[in-house]
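Below is one structure; the comments refer to it alone.
The values are calculated or read from the model by the stated rules, or taken from the named source; none is laboratory data. Since the model is a prediction, treat every value here as computed from it, not as a measurement. Positions of Cβ are backbone-derived with ideal geometry, glycine not excepted, and every protein chain shown enters the neighbour counts. Quick note on the areas: whole protein, heavy atoms, side chains included, nothing else; ligands and nucleic acids left out. Shrake-Rupley method; radii C 1.70, N 1.55, O 1.52, S 1.80 Å.
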Amino acid sequence: MKPNIRDIAQMAGVSPTTVSRVMNNRGYISDATRKKVNHAMKKLNYYPNDLARALFHQQTGFIGLIFPTTENPFFGELIFHIENICASLGYKVLLCNSLGRTDKEIAYLDMLQRNQVDGIIVGAHNRFIPQYTKIDLPVVAIDRYLSDKIPVVSSDNLQGGRMATQWLIDQGCRKIIHINGPGNLETPANRRRVGYEQVMRDHRYAPLTYETAESLIYKNTLETVRKMFREHPDVEGVFASDDLVAASVLSEASHLGKQGIKVVGYDGTQAVHICLPQLTTIQQPIHDIADQAVKIIIAKINGTKVKEKKEYILPVQLVQGEK
C-alpha cells in the first residue's frame with residue numbers, strides 16, 4: 001500500500017502537520033526535525049504530490065513549450081537549451097509539437113491552460129489564433145508575432161540577410177536567389193528577405209525569391225529547389241532561409257553536377273555543422289535566445305517589475321564553411 005503522511009509522521013516521531021510543513025517548506029522547522037522527516041520519506045520511498053503542493057503555492061512549476069517540431073535541428077537545439085535553463089531554475093517543461101497545424105496549436109494552448117502551467121514559450125508559426133490576444137498567462141514568443149502584449153525574442157534577421165547576401169557577392173556571385181518559407185507568415189524571419197533585397201538593390205542586382213509551400217514538409221522544399229534550378233539553371237548563389245533548405249540546395253546541385261554554386265544557410269546548429277561542415281551559414285545565438293526567453297517568462301511568472309521591450313533582437317554571425 002502506498003505510504004502517506006501519517007506513515008512518515010509515525011516513523012519520524014512527529015505530527016502529520018510537521019511533515020506537511022517540511023514538505024511545503026512552511027514555518028520554522030529545526031534541522032534535526034527536517035532530517036528525520038526526510039529520512040523517513042526516503043526510507044518509505046515516499047514522493048510528495050506535486051499537484052497538491054502546486055495548489056498550495058499557487059504555482060505548478062511547469063512551463064509549456066509549443067513548437068512546430070523537434071525534428072528541425074534549430075528547434076531541437078533551442079528546446080534543449082530552454083529545458084536545461086528551466087531545470088536549473090527549478091522548472092519543468094511540457095513540450096507540445098504542433099506540426100505546423102493551427103488546430104493542434106489551439107488544442108495544446110487550451111490543454112496547457114487547463115493544466116495551469118505557470119507560463120508558455122511559443123515558437124510555432126500558425127496565423128490567426130485569437131486565443132493569444134486574451135490569454136491570462138505569461139507568454140513569450142520566439143521569432144513570431146502573437147499579439148501586441150506578448151514580447152518576441154529573435155535573432156537579427158535583417159542583418160543576417162544582409163550578411164549572407166554580401167558574402168555571396170564577395171564570392172563573385174551576381175545571380176543570387178533567395179529561398180524562404182511562406183511570405184504571409186507574421187514572423188521576424190521575413191526580415192531575412194528584406195536584408196537580401198536591400199543588398200541586391202544596393203549592388204544593382206535584381207532580387208529573386210522562391211517560397212516553399214510548407215517549410216516542415218521536406219518534399220515541398222525539394223520541389224521548390226528543383227523548380228528554381230529548372231527555371232534558373234544559370235543561378236550562381238543561393239541564400240536559403242534555413243540550413244535544411246540549404247542542404248536541399250547542395251544535394252540537388254550535386255545531383256545536377258553544378259559544382260561552382262555558392263550557398264548560404266541560416267541557423268548554424270551544431271548538428272548541421274557536424275553533418276555539413278562545408279556549409280556557410282548565418283549562425284543564430286541559440287543558447288542566448290533560449291536564455292532570454294526564459295528570463296522574460298520567469299520575470300513575468302514572479303511578477304518582477306522590469307522594463308520590458310516588445311522585441312528582443314540578438315546578434316548573428318556568419319560562419320564560413322570548411323573548404
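A few comments on the model shown:
- The number of residues in the stretch 141-170 being open to solvent by less than 60 Å² (accessible area, probe 1.4 Å), not hydroxyl-bearing (Ser, Thr, Tyr) and not in a helix (DSSP H, G or I) comes to 10.
- Residue that is most open to solvent (accessible area, probe 1.4 Å) [pool: residues in the stretch 63-99 that are of a type in the set (Gly, Ala, Ser) and either part of a loop (DSSP other than H, G, I, E, B) or within 26 Å of Tyr266 (Cβ to Cβ) (or both)]: Gly90
- Subset of the stretch 34-62 that is open to solvent by less than 30 Å² (accessible area, probe 1.4 Å) and not in a loop (DSSP other than H, G, I, E, B) - its residue that is modelled with the lowest pLDDT: Ala54
- Any pair with Cβ under 9 angstrom, 6 or more apart, that starts in the stretch 294-305 at a residue that is more than 15 Å from His81 (Cβ to Cβ) and ends at one that is modelled with pLDDT under 90 and among the charged types (D, E, K, R): Ala299/Lys305; Ala299/Glu308; Lys300/Glu308
- Matching residues, the stretch 283-323, being assigned to a loop (DSSP other than H, G, I, E, B) and within 30 Å of Gly61 (Cβ to Cβ): Gln284, Pro285, Gly303, Thr304, Lys305, Val306, Lys307, Glu308, Lys309, Lys310
- Filter result for Gly27 (modelled with pLDDT of 65 or more, surrounded by 14 or more Cβ atoms within 10 Å (Cβ to Cβ) and of a type in the set (Gly, Ala, Ser)): no
- Just one of (1) open to solvent by less than 50 Å² (accessible area, probe 1.4 Å); (2) modelled with pLDDT of 95 or more; (3) more than 18 Å from Gly76 (Cβ to Cβ) fails for Leu222. It is (2).
- Residues in the stretch 1-20 that are under 43 Å from the mean Cα position of the chain (by Cα), part of a helix (DSSP H, G or I) and closer than 14 Å to His39 by Cβ: 3 in all.
Each row is one residue, and each column tells you yes or no for (1) farther than 23 Å from Gly195 by Cβ; (2) open to solvent by 50 Å² or more (accessible area, probe 1.4 Å).
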| residue | (1), (2) |
| --- | --- |
| Phe229 | yes, no |
| Phe239 | no, no |
| Ala246 | no, no |
| Gln259 | yes, yes |
| Gly268 | no, no |
| Ile282 | no, no |
| Ala299 | yes, no |
| Asn302 | yes, yes |
